[in-house]
Structures are given as C-alpha cells and as structure tokens.
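To start, the structure under review is shown below, and the notes come after it.
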Protein chains: 2
Amino acid sequence: MLSEFDLIKQYFQRQQAGRAVLGIGDDCALLAPSPGMQLAISCDMLVEGRHFFAGADARMLGHKSLAVNLSDLAAMGATPRAFTLALSLPSADRSWLEGFSAGLFALADAHQCELVGGDTTKGPLNICITIFGEVAPGRALRRDAAKAGDDIWISGTLGDARLALAGYRGEFALDAGSLAAAAPRMHAPTPRVALGMALSGQGAAHAAIDISDGLVGDLGHILAASQVGATLDADALPAGPVLARQQQDLKRRFCAAGGDDYELCFTAPASRREAVIAAAARAGTPVTRVGAIDAEPGLRLVDASGSTLDLSLAGFDHFSGD
Amino acid sequence: MLSEFDLIKQYFQRQQAGRAVLGIGDDCALLAPSPGMQLAISCDMLVEGRHFFAGADARMLGHKSLAVNLSDLAAMGATPRAFTLALSLPSADRSWLEGFSAGLFALADAHQCELVGGDTTKGPLNICITIFGEVAPGRALRRDAAKAGDDIWISGTLGDARLALAGYRGEFALDAGSLAAAAPRMHAPTPRVALGMALSGQGAAHAAIDISDGLVGDLGHILAASQVGATLDADALPAGPVLARQQQDLKRRFCAAGGDDYELCFTAPASRREAVIAAAARAGTPVTRVGAIDAEPGLRLVDASGSTLDLSLAGFDHFSGD
C-alpha cells in the first residue's frame with residue numbers, strides 16, 4: 001500500500017509551476033488574490049452510494065467532483081482560480097487514483113483552476129472539494145437579486161441526467177441506446193462557467209443558481225431569497241435530446257424537477273434580452289427563455305396555452321427519501 | 001428527520017451579521033480579501049474510527065475539527081478569516097448537531113473565524129473543513145525556510161495527547177486520574193494561532209510546522225523541504241504535565257513521535273532569540289528551545305549529555321498501520 005505522502009505526490013502533485021504563491025506540500029497553500037476582486041467560495045461533498053454509484057468510473061467521478069463545484073462558481077459569475085481536494089479512500093488503489101486524477105485534472109486544466117492543497121485519509125469513499133473563484137465587487141449573480149418583471153432563462157437542456165438515473169434504477173423501461181445517450185449528462189456534467197462569467201461581466205443578469213436539485217426546487221431558492229414569485233412555461237423548458245423523445249408528462253416532470261442538470265437558471269430584465277443572447281453567444285452556450293418573475297409569491301407552472309399545471313413536484317432533498 | 005435545509009439553518013446559520021460580503025445560503029460565499037494580503041488555505045478531513053472514536057463527544061469533536069485547521073494557519077503565521085464545513089452524517093441527530101455546532105462556534109468565535117459555507121449530506125460520519133487566513137507577502141512561515149544554524153523551538157508541551165491515546169487503547173496501565181488529566185489534550189487541542197501570528201508579524205522565525213503526526217515526522221518535513229538536517233535534545237523536549245510523571249523512555253518516545261500535539265515546531269536564527277521570546281510572551285504561549293538546524297542532512301536525537309539516541313521512531317502515517 002502506498003503511504004499517504006507517496007500517494008499525494010504521485011497522483012496529485014504536478015510538475016509544472018502553478019499560479020499559486022505556494023501550492024501543495026506546506027501547512028497551507030498561499031494565493032495572491034487579484035487586487036480589488038472578491039473571493040467566491042463553495043464546497044461540495046460527494047458520498048459513495050448517495051451522489052454516485054459504488055464502483056462508478058473513476059475518471060468520470062474525478063470530472064464530476066470538480067464539475068459540481070465549478071458549477072457553483074458559474075452560478076455566481078465567478079472566474080475559477082483554485083481548489084482543495086479532501087479524499088477519504090478505503091484503499092490506495094492505483095488504477096482508481098490514476099483515473100480519478102486524470103478526470104479531475106482534465107477539467108481543472110480546461111478552466112485554469114489549480115489544485116493547491118488538500119488531505120487524504122483512509123475511510124469510506126468520500127470526496128470533498130472546496131473551490132475559489134474571483135468576481136468583481138457588485139457583479140456576483142446572487143440568489144436574492146431577482147426582480148418582478150425579469151425574464152427567467154435556462155442554459156443548455158434539462159432532464160437527461162434524471163432520465164439516465166431512472167434508467168439505471170429501472171423506474172421504467174428505457175432502451176439501452178437511450179440510456180447510453182443520456183448517461184454522460186449524469187456522469188460528466190458540463191459546468192457553465194463561461195456563461196456565468198459572460199453574464200456577470202456584462203452585468204446582463206440579476207440572479208442565478210445552478211440546477212442541481214431540480215429546476216423547481218432551485219428556482220424556489222431564488223424566489224425565497226428575492227421575495228418574489230414566478231411563472232414557468234413547462235412546454236418552453238428545453239428537454240435534453242434523449243428526454244425530448246419521451247412522452248409529454250415525463251418530459252415536463254424531469255425538466256421541472258429532475259436534478260443533476262448543472263445548468264444555470266438565471267433572471268434578467270426584459271430590457272437586457274439582447275445582452276443575454278450576446279453573452280450566451282460569446283460563451284458558446286445556448287439559452288432559452290422559459291418564464292418570468294412575478295411580484296406575487298409562489299411558483300406557477302403553465303402549459304403552452306397558459307393553463308396551470310400541477311406543481312406537486314418537490315426539489316430533491318438529501319435528507320428526505322432517496 | 002430534519003431536511004438538509006432546515007438542518008443547516010437551525011444549527012449552522014447564525015443570526016448576527018458576519019464580515020463576509022455574503023455568507024451561507026447562496027451558491028458561493030463572497031469574501032473581500034484585505035488589500036495586499038495573501039490568502040492561506042488549508043483543508044483537513046476527519047473520519048470516524050480513524051481520527052476520532054465512534055461515539056466521540058460531539059462538542060469536543062466540533063472544537064477539534066476546527067482546531068486542526070486553525071493549527072495549520074498558525075503554522076503559516078496567518079490570521080484566521082473564514083472556513084467552510086462539509087459534513088456527512090448517518091442521521092440528522094439533534095443532540096449531536098447541538099453539541100458539535102456549539103464546540104465549533106465557541107472556537108470559531110474565539111478566533112473571529114467565520115463559517116461562510118459548506119455542505120451537508122447523509123453518509124458515514126465525515127467532517128471536512130477548509131480554512132482561509134491572511135498573511136502579508138513574504139511573512140508566511142514556510143517549511144522550506146529553515147537555515148543551518150537556526151534554533152529549533154517547540155510551543156507548549158508534547159506527548160500528553162499520545163499518552164491519552166495509549167491509555168484508551170490499553171497499551172499499558174494508565175491510572176484513571178492520569179487518563180482524565182491527559183485526555184483534553186487529545187480531544188480538544190489548542191491551536192497556537194496567536195503565537196504563529198506574533199512570529200510572522202515580527203519576522204522572528206524562519207520555518208514552522210504544526211505537530212500533528214509527531215515531532216520527528218513533522219520536523220522531517222521541514223528538513224526535507226529546506227534541505228537541511230537537525231539535532232534534537234530529547235531531554236529538552238517539553239513533556240506534558242501527565243507524561244512528565246512517566247518513565248524516561250516513554251517520555252522521550254511520546255515527546256518525539258507522539259502525534260496529535262498541535263503545537264508549533266519552528267526555527268529561528270540564534271540572533272532572534274529575544275524576538276522569539278517576546279513574540280511568545282505577547283501570545284501568552286510558552287516556548288522551549290530544543291535543538292538546532294544543521295547543514296548535514298538527517299535528524300539526530302541526543303540526550304542531555306550529547307550521546308546519540310536511537311531514532312527508529314517513525315511519524316504517524318494515515319496509510320501505514322493504524
């Protein structure tokens with residue numbers, strides 16, 4: 001078995017110089033913040049059997065562990081800077097560590113986000129990443145900044161991750177081709193970092209959140225923090241390409257409350273539609289207008305004809321049910 | 001069972017305004033770094049059965065989880081600023097959460113270190129804290145800064161935490177009174193934050209590390225990073241008050257390689273002895289001079305008469321043995 005120190009060196013300590021003043025290998029890492037910028041900090045813990053299947057592919061798990069954190073920075077409009085990784089492992093398995101670190105670093109390098117420190121220990125598989133980004137004062141996309149009259153926008157597409165989960169769980173018969181096509185959305189989400197940065201850089205959006213627990217639940221956090229309500233057009237929700245081939249009811253349900261999408265839901269004044277579309281084009285990320293923020297509290301889901309739909313669709317909550 | 005969101009609100013979201021621009025409750029926390037300061041970042045993960053006993057007192061565990069991270073800041077000479085907490089819990093047990101959060105916040109408040117974000121999930125008990133401090137450029141106490149001729153200093157006392165562990169494990173017969181007296185050193189270590197800040201503020205010290213895995217192993221990290229050697233006087237090592245009553249051999253062994261001391265080991269030029277003593281006095285922390293840095297590689301342990309002692313005392317390693 002590798003010792004803890006060998007393990008860190010071999011798989012997580014990289015040869016090239018980073019931008020950090022001091023990286024892995026001391027009591028603390030040292031970073032020099034960019035003058036005048038604020039620091040955005042987020043932290044996610046992934047537990048085997050809860051956030052990923054036992055035996056999940058190590059490379060995709062390395063990707064996903066960082067992706068969910070990058071997604072939080074994206075939702076603030078922050079520019080990724082660095083992260084720490086704490087890892088509890090049942091054993092120092094070389095092939096697992098190789099795959100995990102490869103997936104992790106591929107995504108980290110794509111976003112110039114540097115691993116600056118962390119911890120490894122023996123124990124049940126648990127992955128905890130804390131990430132740091134930078135954002136100019138007053139530019140962060142906060143949950144409490146939505147205003148009545150704002151458009152509600154969604155990046156990319158929704159529901160394919162939830163569809164893949166349903167396929168794995170056998171909730172209904174999903175053909176193997178559809179499962180294979182939807183699975184990458186569940187295992188290897190794409191954090192919308194460039195879009196978040198473009199929206200905050202342009203001052204084009206008011207509020208934003210990333211959709212991890214399902215649109216209805218996550219938009220609900222914006223509504224609560226901003227003390228507003230919303231009307232969503234269920235038929236305008238952009239279903240993922242695999243989900244789009246399913247029946248309407250499932251499509252609506254998984255778009256509205258699927259979870260694990262890691263798309264951005266953001267609000268912007270109607271007067272800024274062109275700026276939003278320009279920011280999305282610059283980021284290379286499609287966006288869809290799906291509703292509006294209302295002064296009246298509560299969330300209303302309507303169909304294309306404007307009729308109200310049932311909203312007994314709760315957001316995913318890690319402590320209720322599975 | 002409490003939902004995740006209720007749980008966070010009830011036990012970890014505090015009423016009073018913090019210094020953070022934006023605290024718990026958004027995708028990220030926002031901090032405004034102090035102009036011109038560098039950011040020191042550290043991360044520790046504590047696993048039940050490995051870093052603490054199953055059923056450990058929740059309040060002391062809350063204290064210790066933050067203490068080990070504050071100790072890393074102390075070892076850099078950084079001023080504590082904020083931290084994130086990720087918590088995996090088998091169940092949302094109210095009395096555990098009450099105790100844990102009370103112990104955590106009592107220590108956090110004592111160091112004006114603000115909880116700004118985190119994550120809670122269901123799973124095997126695992127506590128991961130990432131901490132942020134600030135230090136002026138060039139002032140951090142780095143492991144690679146020891147110079148031949150430096151004195152080696154130790155804060156406080158060593159070995160009582162290891163003595164308590166030996167008592168719990170039944171490694172030898174330790175009377176109940178001694179165990180009770182030594183136990184707080186194991187369960188509720190005191191991070192030497194004020195001393196680290198005083199040493200870095202005065203530029204009194206070169207290198208520093210906190211002693212978590214045992215003096216020999218941790219000093220070894222300084223020697224390796226600084227490419228120097230050292231001679232330690234085993235009989236000058238400041239044994240804790242309970243260990244001090246044990247026989248010489250055990251005293252030397254637990255002082256040199258006990259672990260879980262969370263004292264600082266630091267080096268400073270002989271010309272700065274008065275500055276070190278002044279910094280220690282200002283911090284209210286006793287310090288003891290225990291040896292010297294040598295140009296010759298390797299670590300030599302000698303007794304009061306200068307005779308060499310056996311050094312087959314390895315530092316604790318989380319992946320070898322227990």
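Just a few scattered comments:
- Top-ranked residue in the stretch A:201-214 [being open to solvent by 10 Å² or more (accessible area, probe 1.4 Å) and either in contact with a Ser or Thr (Cβ under 9 Å, 6 or more places away or on another chain) or in a helix (DSSP H, G or I) (or both); ranked as nearest to A:ALA257 (Cα to Cα)]: A:SER212
- Single unsatisfied condition, B:PRO241 versus (1) more than 17 Å from the chain's Cα centre (by Cα); (2) at pLDDT 95 or above; (3) within 25 Å of B:LEU104 (Cβ to Cβ): (3)
- Counted residues, the stretch A:1-20 - those being modelled with pLDDT of 75 or more and either surrounded by 18 or more Cβ atoms within 10 Å (Cβ to Cβ) or of a type in the set (Phe, Trp, Tyr) (or both): 2
- Condition check for A:SER34: of a type in the set (S, T, N, Q) and more than 30 Å from A:ILE209 (Cβ to Cβ): no
- In the stretch A:279-316, residue modelled with the lowest pLDDT [restricted to those that are surrounded by 16 or more Cβ atoms within 10 Å (Cβ to Cβ) and within 14 Å of another protein chain (Cβ to nearest Cβ)]: A:PHE316
- Qualifying position, being free of Cβ contacts under 8 Å to residues at least 40 places away in the same chain and within 8 Å of chain A (Cβ to nearest Cβ), among B:ALA32, B:ALA86, B:ALA40, B:ALA92: B:ALA32
- Filtering the stretch A:254-278 to residues that are surrounded by fewer than 18 Cβ atoms within 10 Å (Cβ to Cβ) and assigned to a helix (DSSP H, G or I) leaves A:ALA270, A:SER271, A:ARG273, A:GLU274, A:ALA275, A:ILE277, A:ALA278.
- Considering the stretch A:82-110, the residues that are open to solvent by 20 Å² or more (accessible area, probe 1.4 Å) and either under 16 Å from A:PHE52 (Cβ atoms) or in contact with a strand residue (DSSP E or B) (Cβ under 7 Å, 6 or more places away or on another chain) (or both) include one that is modelled with the lowest pLDDT, namely A:ASP93.
- Considering B:GLY62, B:GLY49, B:GLY77, the condition of being at pLDDT 95 or above, within 13 Å of chain A (Cβ to nearest Cβ) and within 20 Å of the chain's Cα centre (by Cα) is satisfied by B:GLY77 alone.
- Qualifying positions in the stretch A:143-175 - open to solvent by 10 Å² or more (accessible area, probe 1.4 Å), touching a helix residue (DSSP H, G or I) at 6+ places or on another chain (Cβ under 6 Å) and assigned to a loop (DSSP other than H, G, I, E, B): A:LEU174
- Test: residue in the stretch B:217-224 that is closer than 27 Å to B:ALA281 by Cβ, in contact (Cβ under 8 Å) with a residue 40 or more places away in the chain, open to solvent by less than 50 Å² (accessible area, probe 1.4 Å) and touching a helix residue (DSSP H, G or I) at 6+ places or on another chain (Cβ under 8 Å): yes
- Figure legend. Inter-residue proximity from the stretch B:172-183: first residues more than 11 Å from B:ALA161 (Cα to Cα) and assigned by TED's automatic domain parsing to the domain that holds B:GLN246, second residues open to solvent by 40 Å² or more (accessible area, probe 1.4 Å) and in a helix (DSSP H, G or I), beta-carbon distance below 9 Å, spacing 6+ or different chains. Indicated pairs: B:LEU174/B:TYR168; B:SER178/B:ARG245.
- Residue within the stretch B:197-212 that is at pLDDT below 95 and under 14 Å from the mean Cα position of the chain (by Cα) present: yes
- Within the stretch A:232-253, being of a type in the set (Gly, Ala, Ser), farther than 20 Å from A:GLY298 by Cα and open to solvent by less than 10 Å² (accessible area, probe 1.4 Å) holds for one residue alone: A:GLY240.
- The listed residues are B:GLY133, B:GLY138, and the only one of them that is within 15 Å of the chain's Cα centre (by Cα) and under 27 Å from A:VAL116 (Cβ atoms) turns out to be B:GLY133.
- Test: A:GLY138 is in a loop (DSSP other than H, G, I, E, B), more than 14 Å from chain B (Cβ to nearest Cβ) and on the phi > 0 side of the Ramachandran plot: no
- Selected residue (only one of A:ARG192, A:ARG139 is charged (D, E, K, R) and buried (at least 24 other Cβ atoms within 10 Å of the Cβ)): A:ARG192
- Subset of the stretch B:116-138 (residues that are modelled with pLDDT of 95 or more and among the acidic types (Asp, Glu)): B:GLU134
- Any hit, the stretch A:177-187, residues being surrounded by 16 or more Cβ atoms within 10 Å (Cβ to Cβ) and under 30 Å from A:ALA275 (Cβ atoms): yes
- Matching residues, the stretch B:113-125, being open to solvent by 10 Å² or more (accessible area, probe 1.4 Å) and free of Cβ contacts under 8 Å to residues at least 60 places away in the same chain: B:ASP119, B:LYS122, B:GLY123
The values are calculated or read from the model by the stated rules, or taken from the named source; none is laboratory data. Quick caveat: nothing in here was measured; it's all calculated off a predicted structure. All Cβ positions, even for glycine, are placed from backbone atoms using ideal geometry, and neighbour counts span all protein chains on display. The protein model used for the area step is the full one, side chains on, heavy atoms only, and it has no ligands, DNA or RNA in it. Shrake-Rupley method; radii C 1.70, N 1.55, O 1.52, S 1.80 Å.
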